[in-house]
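For reference, the structure discussed in these notes is given below.
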Amino acid sequence: MNRVRLLCALAGGVLGAAPLYADEAIPTAGPEIDEVYVWGKREGRVGVAASASEGEVSYGAYADRPLLRPGELAEVIPGLAATQHSGSGKANQFFLRGFNLDHGTDFSISLDGVPLNLRTHAHGQGYLDVNGVTPEFVQTIDYRKGPYFADAGDFSAAGTAAFRTFERLPASFVETQVGEHRFGRAVVGVDLGAGLLGLDLTTADGPWARDENLRKVSALGRVAAGGWSLTALAYDASWDSTDQIPRRAVEAGTLSRFGLIDDTDGGKTSRFILSARRRPDADSDLVIYAQRYTLNLWSNFTYFLDDPVNGDQFEQAEKRWIAGASGFTTWRPSGTLTLRAGAETRLDDIGSVGLYRTKARRRLSTDRRDEVRELSAGVWGAATWADGPLRATLGLRADAIHVDVDSDNPLNSGRATDAQVSPKLTLAWRISPAVEVYADAGRGFHSNDARGAVQRVVPSTGDPADKAPLFAAADGAELGARYETPGFAASLALWALRLESELVYVGDAGETESTDGTKRLGVEALMTWSPRPGVNLDLSAAATRARYRGDPPGGARIPNALEYAVTAGATVRLTPRDIAQLTLRRLGPAPLVEDDSARSRSSTVVNLAYTRTFGRLAARVDVLNLFDSKDNDITYFYASRLPGEPDEGVEDFHFHPMEPRQVRVGLRYTF
């Protein structure tokens, strides 16, 4: 008798930790079925979690989720938003806990234990590109927020997420999807028994006045033998981008909302990862990896402000090798005490990282070009005491980093070393079988760009430059509670975070710079509810107050720090063959300048997906931006200059619009 495995057995909310269904089987059509695999179920976190803001999301929670772009997979993490202000091949702009994370500075993501954030990156520190990750191959996403966990290192002040791909697929499949604006996608996954092979091909032009010409290929392979798994990921993409545009040109009628100023912006990137992992159980883990990464990114945000003749386009380019390893082990000397210890090391060998002035992607001059070697090491330990309803974990982490910069300007060459010790503490008290409360505190950090730690002069002007420390510490605390019963879960977290410094976007330079210390206070609430089998509702809300510390003369607001974010979803199995998922995301307004004189508007987008199965075949329809919202994905405020405008430019809002409503249809066949 044939065995049909149900890949999308539904999901329960895109957020939270409540089980979707009881343990009963889900009805399916046809007499041939003798086994059903439910990937949407999640275990409760009461009695396990160390904070109210951590959780795990399994494949079923996003198997039927409508996604405009791969980066939106991270939005299954409560309170996190992924937007875009450029082409689809560029890393997403992430927002979490009042941070404009500028592509990942204070939020880290790993894939099968391999870190994806990039240090001393050509575009921005901690650059986090997840476009090479294929959602269909991700089995679970474990997320934690705040700097309370000893095993979390660089770029973890706001939180971390661990993406784990399938060790073997529940079934082999082939899937195709087509949509408006010449969108096309083909995904193939083959289960090898002791591994898998996967291929993801995507093309798209987008709704822009200039076709995006996105061409993307991502391949994944894994084999397991002798207790080890060997994984390889290959990703390559090229695109033409439509960056943010000035509002004044749209209001004057000289530019459409989907138009552009510089029609030669765009990029190309590649990433190759090879890793070996030994994870016999939850008590130990060892990962060894190597990466090869390249990027060429052409952008023009100020148009003709700096160079009225050639324009202000610039290229950010780099090539690097990365090698590293991490691991931990566990001991249980008694029934109440658990000890864990781990270590990690990483070498970034950046053969070339540069900033160039360009016209139509042709290099005119070099602002700076550097070779960088960056070596880091970290060791950590954690002791957990658990007795009855109480659990306490005391952790300590020590990190050191050494950088060696060889710049085209000898004044900006040099070496630097820094170290940091980060204490951690988590407390949990299980009041009843359904209720647990938490108190957490700790120190985390992000590393700063190695070039900023050794430079003596500003490359573009020759003016004296202040050096930045290699580590920017972050101290955080959180109080929270969690409630879970069959079919319902809710959590609440109150948190605070102080950073020594952080990186913010500077529009007129097209780059980021380090700022003074900041402080944030926030509250997050999460609810998931399954009123009956086959129906799941979820709601997540987060509000943040973000300010610079002290009394800055120009104002204390932090640009692009969202004041609130709300996400909601409904997943309904209409019949044994039909499933629908509706998602909503609303992002609140944010100050765009320090004195709050310019602000972005709130934005709302709703997406819908409907899937019907016919045995081994599934047909799917996605309606993205269901109500055709005219809101913006992101907004900035800075000076730019169009032809004929004053030499000093014009201070204005610059925005990247949401893509209009579009329909995509797909077929999936499992075998």
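The values are calculated or read from the model by the stated rules, or taken from the named source; none is laboratory data. These figures come from a predicted structure and were not determined experimentally. Reconstructed Cβ throughout: ideal geometry from the backbone, glycine too, with neighbour counts over all protein chains shown.
Please state which one of GLU344, GLU371 is over 22 Å from LEU411 (Cα atoms) and under 29 Å from the mean Cα position of the chain (by Cα).
On the way: GLU371 fails: over 22 Å from LEU411 (Cα atoms).
Exactly one of GLU344, GLU371 is over 22 Å from LEU411 (Cα atoms) and under 29 Å from the mean Cα position of the chain (by Cα), namely GLU344.
The residues of segment 350-360 that are surrounded by 15 or more Cβ atoms within 10 Å (Cβ to Cβ) and farther than 21 Å from VAL457 by Cβ, listed by number, are THR358, LYS359.
For segment 264-283, how many residues are part of a loop (DSSP other than H, G, I, E, B) and buried (at least 16 other Cβ atoms within 10 Å of the Cβ)? Looking only at that region, the number is 2.
Of the strands (runs of 3 or more DSSP E) lying entirely inside segment 555-671, those containing at least 2 residues that are within 26 Å of ASN536 (Cβ to Cβ), more than 25 Å from the chain's Cα centre (by Cα) and of a type in the set (A, V, I, L, M) span 564-575, 578-587, 617-624, 662-670.
Evaluation of LEU111 against the conditions (1) over 13 Å from PRO135 (Cβ atoms); (2) among the hydrophobic types (A, V, I, L, M, F, W, C); (3) within 17 Å of the chain's Cα centre (by Cα); (4) modelled with pLDDT of 90 or more shows that the sole unmet condition is (1).
In the set SER88, SER108, which member is closer than 29 Å to PHE637 by Cβ, polar (S, T, N, Q), touching a Phe, Trp or Tyr at 6+ places or on another chain (Cβ under 7 Å) and in a strand (DSSP E or B)? Before the answer, list the steps.
Details: SER88 fails: in a strand (DSSP E or B).
The conditions single out SER108.
Note on segment 121-232: enclosed strands (runs of 3 or more DSSP E) holding 2 or more residues that are within 22 Å of the chain's Cα centre (by Cα) and of a type in the set (D, E, K, R) are 138-145, 214-225.
Taken over segment 103-133, the criterion of being acidic (Asp, Glu) and surrounded by fewer than 24 Cβ atoms within 10 Å (Cβ to Cβ) is satisfied by ASP112 alone.
Only one residue in GLY179, GLY146 is of a type outside the set (A, V, I, L, M, F, W, C), in contact with a strand residue (DSSP E or B) (Cβ under 6 Å, 6 or more places away or on another chain), within 30 Å of ASP285 (Cα to Cα) and modelled with pLDDT of 95 or more. Which one? Before you say what the answer is, go through the steps one by one.
On the way: GLY179 fails: within 30 Å of ASP285 (Cα to Cα).
It is GLY146.
Take the residues of segment 452-503 that are buried (at least 23 other Cβ atoms within 10 Å of the Cβ) and polar (S, T, N, Q): which is modelled with the lowest pLDDT? Step by step, filter segment 452-503, then rank; the result is GLN455. Only one of the numbered conditions (1) assigned to a loop (DSSP other than H, G, I, E, B); (2) hydrophobic (A, V, I, L, M, F, W, C); (3) within 25 Å of ASN131 (Cα to Cα) is violated by ILE261, and that is (3). Of the set (1) surrounded by fewer than 20 Cβ atoms within 10 Å (Cβ to Cβ); (2) modelled with pLDDT of 90 or more, all apply to GLY89 but (1). Just name the residue that is nearest to ARG65 (Cα to Cα) out of those in segment 514-544 that are surrounded by 15 or more Cβ atoms within 10 Å (Cβ to Cβ) and of a type in the set (D, E, K, R). Residue satisfying both the conditions and the ranking: ASP538.
List pairs: first residue in segment 51-63 and under 26 Å from TYR610 (Cβ atoms), second residue basic (Lys, Arg) anywhere in the structure, Cβ distance under 9 angstrom, at least six positions apart or on different chains. Note: pairs meeting the criteria are VAL57/ARG42; SER58/LYS41; SER58/ARG42; GLY60/LYS41; GLY60/ARG42; ALA61/ARG42.
Determine whether GLY60 is part of a helix (DSSP H, G or I), among the small types (Gly, Ala, Ser) and crowded, with 24+ Cβ neighbours inside 10 Å.
yes
Can you spot a residue in segment 439-452 that is among the small types (Gly, Ala, Ser) and assigned to a helix (DSSP H, G or I)? Write out each step before concluding.
Quick first cut of segment 439-452, residues among the small types (Gly, Ala, Ser) only: 439, 441-442, 444, 447, 450, 452.
Filter once more, keeping what is assigned to a helix (DSSP H, G or I): 450, 452.
Scanning segment 439-452, I find at least one residue that is among the small types (Gly, Ala, Ser) and assigned to a helix (DSSP H, G or I), so the answer is yes.
Looking at segment 244-255, is at least one residue within 23 Å of VAL650 (Cβ to Cβ), assigned to a strand (DSSP E or B) and in contact (Cβ under 8 Å) with a residue 40 or more places away in the chain? Yes, some residue in segment 244-255 is within 23 Å of VAL650 (Cβ to Cβ), assigned to a strand (DSSP E or B) and in contact (Cβ under 8 Å) with a residue 40 or more places away in the chain. Using the structure shown, decide if THR384 is surrounded by 17 or more Cβ atoms within 10 Å (Cβ to Cβ) and touching a Lys or Arg at 6+ places or on another chain (Cβ under 7 Å). Against the criterion (surrounded by 17 or more Cβ atoms within 10 Å (Cβ to Cβ) and touching a Lys or Arg at 6+ places or on another chain (Cβ under 7 Å)), THR384 qualifies. If you check GLY351, GLY335 for being at pLDDT 95 or above, more than 30 Å from ILE261 (Cα to Cα) and either touching a helix residue (DSSP H, G or I) at 6+ places or on another chain (Cβ under 9 Å) or among the small types (Gly, Ala, Ser) (or both), only one passes: GLY351.
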